[in-house]
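Data block below; observations after.
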Amino acid sequence: MKVIKAMLLGAALVLGAATGSATWAAASEPAVQAQPTVNINQANAAELAEALQGIGISRANAIVAWRQAHGPFKSVDDLANVKGIGAATIKRNKSRILLK
């Protein structure tokens, strides 16, 4: 009887540990948040300012003004032509920018 109790207790501990550790591991994984993207050839200034890091409404207005004056951006690197937007800002936002 003691042997059966010991075996059942051991099995319960093993199953509990396996289940508990899997649950704990799943709970401790960081949630992946979707990164916002924006089409710089169609977005308005508010959309640009919201989606792009380091771009406020003033720079977003400059992006829209440049686009209206020169036509659509052909590459993400064309943003460097907009006053106040440098290589670091472009690099930080490359994965957020769409060209359509």
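FYI, it's all coordinate maths here, none of it is from the lab. Every value quoted in this text rests on a predicted model; they were computed, and no experiment measured them. Counting neighbours? That spans all protein chains shown, and the Cβs are built from the backbone with ideal geometry, glycine included.
Figures for the structure shown
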{"read-out": "Net charge, ASP77 excluded, C-beta distance under 13 Å - Lys, Arg +1, Asp, Glu -1", "value": "+2"}
{"read-out": "Backbone HN-Hα couplings from phi across segment 72-85 [Karplus 6.51/-1.76/1.60, Hz, Gly and Pro as x]", "value": "x, 5, 8, 8, 4, 5, 4, 4, 5, 6, 7, 4, x, 10"}
{"read-out": "Per-peptide average of other Cβ atoms within 10 Å, ordering 54-65, 72-83 highest first", "value": "54-65, 72-83"}
